[in-house]
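The values are calculated or read from the model by the stated rules, or taken from the named source; none is laboratory data. Being a predicted model, the structure only gives us computed values, none of them experimental. Note that each Cβ is placed from the backbone with ideal geometry, even for glycine, and that neighbours are counted across all protein chains shown.
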Amino acid sequence: MLLLALDTATPAVTVALHDGGEVVASASQVDARRHGELLLPAVDRVLADAGLKLDAVTDLAVGIGPGPYTGLRVGLMTAQTLGLALGVPVHGVCTLDALAYAADLPGPFVVATDARRKEVYWARYADARTRLTDPAVDRPGDIADQVAGLPAVGAGALLYPETFPDVHEPEHVSAAALACLAAERLARGEELPAPRPLYLRRPDAQVPKNYKVVTPK
Amino acid sequence: MAENRDAPLVLGIETSCDETGVGIVRGTTLLADAVASSVDEHARFGGVVPEVASRAHLEAMVPTIERALKEAGVSAKDLDGIAVTAGPGLAGALLVGVSAAKTYAYALGKPLYGVNHLASHICVDQLEHGPLPEPTMALLVSGGHSSLLLSSDITSDVRPMGATIDDAAGEAFDKIARVLGLGFPGGPVIDRYAREGDPDAIAFPRGLTGPRDPAYDFSFSGLKTAVARWIEAKRAAGEEVPVRDVAASFQEAVVDVLTRKAVRACKDEGVDHLMIGGGVAANSRLRALAEERCAAAGIRLRVPRPKLCTDNGAMVAALGAEMVARGRPASDWELSADSSLPVTEPHVPGEGG
Ligand SMILES: [Zn+2]
């Protein structure tokens, strides 16, 4: 197996290659505004580092969020298109799960990423591999009771120390962790989710006040 | 037109607004034009909702590419290039198409061409009427744009002559349709009602047509307000609104200005060809009046069939094929979506190009 993994659901643009045994190359950059520009060159770099060609890839794994939509879609569109061009399966992995896996805390904990608008995407975990709740989006103050006393992981937790006083590494997701988790699940014969985004919020869909004009004025 | 087997085979992707378009052309021959539209999802909001459009593009992209390849009967590995709308358009929507096109080109080992949406609207006419005359005057009218452009080479030289200073023409159609309670999008429904109405029933204003006004710019905001006020006054007086006459008179005011200015630009620049593109080019009265005025002025009118006038991938492929044919440099893998890509940049060459 040669698994190419990527995630753009957080400010990190992260890519990794996993050969079924271990991660053979990876690259991560944190730049929330440039997912679209950075992702494909990162894929190219990771392949070059590993001395491998794209057509050797047998599986793709992609973070399905939750995460800010514009960036999230870059990773999903890229993974889906690679799957189409290469004719290989594309597996979805919840981005929070990859963070939990990387944190590898012994007991129960919570993962929280930045959902902007003063909210976090979050879920509770029993351990690194076991999620207890569906990913959700909430204001930190509204979930204080549900996360009280639990260590927390992720950039979302760092933003709200009142709700998450005990924050652990890592801050951002890495495709290396996502690749390991996906490889582990695939080796166990698990069915991974489809590569479709976890939006959690409905689109902001009121009538636009100023009709969206395609051409700048 | 006979298919030239040596001409470049290009797949084009368009996601600047609410249509996910994937087209395939060989040179100036159309092989496939697959479009998935999210227009129904926007209808209840009375306008295109960017996030709804972006979600729909992601959903539709892979199936639409597959459909286009099947329709064209070609294999992806035979393509000579991948073209994509790099801008202008809705940033989030563009980004979905750019991500797909970049990745597809990279995975297939093909050159990538990020191209301009407006230049694509002009270039699509090659699929209908053969190579564009040089220079060509183009009137582009849609829900997003209203521009008069002069191009001597569609891959490298597009000059803006004029543009709307406020609303796009199609936007005015949408707004008047909303005031009349006819739904979204407004263009086709206004056209339908107008056919049974009197275009001279109400004298609505013609924006920017005074002697001191800019010769080639447009303004539809004043017209829109005048029509809305007229309708409200009728309603306030407890009278029935003559929907057909309002539609016909409003439409006449729009197409009168558009065609008058387009023909004038042709005459001033000594250009004997006018092409009309964009969604509003599907309007039957615009086509008829342009035909009449161009004939009177000795100008040859070129208007592609309606399906090629609205946003689609074939137009992007058409311009991409022209980029390949003329040896223009490809874009690089860092290509980004540019929601305000200037019309003067028909494509976005890579750093090395
Ligand atoms: Zn358009």
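Values as computed for the structure displayed
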read-out	value
Some residue of segment A:192-202 being among the basic types (Lys, Arg) and either at pLDDT 95 or above or in contact with a strand residue (DSSP E or B) (Cβ under 7 Å, 6 or more places away or on another chain) (or both)	yes
Per-region count, segment B:268-301, residues more than 19 Å from B:THR155 (Cα to Cα) and not in a loop (DSSP other than H, G, I, E, B)	22
Pairs, first within 13 Å of B:GLU66 (Cα to Cα) in segment B:6-21, second within 14 Å of the ligand (Cβ to nearest atom) and among the small types (Gly, Ala, Ser), C-beta under 6 Å, six or more apart	B:GLY12/B:GLY23; B:GLY12/B:GLY313; B:ILE13/B:GLY97; B:ILE13/B:GLY313; B:GLY21/B:GLY313
Candidate set: segment B:296-311, residues that are more than 15 Å from the ligand (Cβ to nearest atom) and of a type in the set (Lys, Arg); chosen: the one nearest to B:LEU140 (Cα to Cα)	B:ARG302
Qualifying residue in segment B:282-294 (condition: touching a Ser or Thr at 6+ places or on another chain (Cβ under 9 Å), of a type in the set (Gly, Ala, Ser) and within 16 Å of the ligand (Cβ to nearest atom))	yes
Residue among A:LEU96, A:LEU17, A:LEU54 that is more than 14 Å from chain B (Cβ to nearest Cβ) and touching a Phe, Trp or Tyr at 6+ places or on another chain (Cβ under 8 Å)	A:LEU96
Subset of segment B:22-51 (residues that are β-branched (Val, Ile, Thr), touching a residue at least 24 places away in the same chain (Cβ under 8 Å) and more than 16 Å from the ligand (Cβ to nearest atom))	B:ILE24, B:VAL25, B:THR28, B:THR29
Verdict on B:GLU292 being surrounded by fewer than 16 Cβ atoms within 10 Å (Cβ to Cβ) and at pLDDT 95 or above	yes
Any hit, segment B:88-106, residues being surrounded by 24 or more Cβ atoms within 10 Å (Cβ to Cβ), within 15 Å of the ligand (Cβ to nearest atom) and of a type in the set (Ser, Thr, Tyr)	no
Extreme residue, nearest to the chain's Cα centre (by Cα), among residues of segment B:331-347 that are crowded, with 24+ Cβ neighbours inside 10 Å and within 14 Å of another protein chain (Cβ to nearest Cβ)	B:LEU341
Subset of segment B:134-183 [farther than 19 Å from B:GLU269 by Cα, outside any loop (DSSP other than H, G, I, E, B) and β-branched (Val, Ile, Thr)]	B:VAL141, B:THR164, B:ILE176, B:VAL179
Residue in segment A:92-109 that is nearest to the chain's Cα centre (by Cα), counting only those that are part of a strand (DSSP E or B) and under 27 Å from A:LEU4 (Cα atoms)	A:VAL93
Segment B:9-19 - residue that is more than 18 Å from B:LYS77 (Cβ to Cβ) and within 11 Å of chain A (Cβ to nearest Cβ) and, of those, surrounded by the fewest Cβ atoms within 10 Å (Cβ to Cβ)	B:ASP18
Residue list for segment B:158-173, restricted to those being more than 14 Å from the ligand (Cβ to nearest atom) and within 9 Å of another protein chain (Cβ to nearest Cβ)	B:ILE165, B:ASP166, B:ASP167
So B:LEU223, is it under 30 Å from B:GLU134 (Cβ atoms) and either buried (at least 17 other Cβ atoms within 10 Å of the Cβ) or within 16 Å of the ligand (Cβ to nearest atom) (or both)	no
Segment B:116-157, subset among the small types (Gly, Ala, Ser) and within 14 Å of the ligand (Cβ to nearest atom), residue nearest to the other protein chains (Cβ to nearest Cβ)	B:GLY144
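Residue by residue, here is whether (1) more than 14 Å from chain B (Cβ to nearest Cβ); (2) surrounded by fewer than 24 Cβ atoms within 10 Å (Cβ to Cβ); (3) touching a Cys at 6+ places or on another chain (Cβ under 9 Å) holds:
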residue	(1), (2), (3)
A:ASP49	yes, yes, no
A:ARG73	no, no, no
A:GLY92	no, yes, no
A:ALA102	yes, yes, yes
A:ARG116	no, yes, no
A:THR130	yes, yes, no
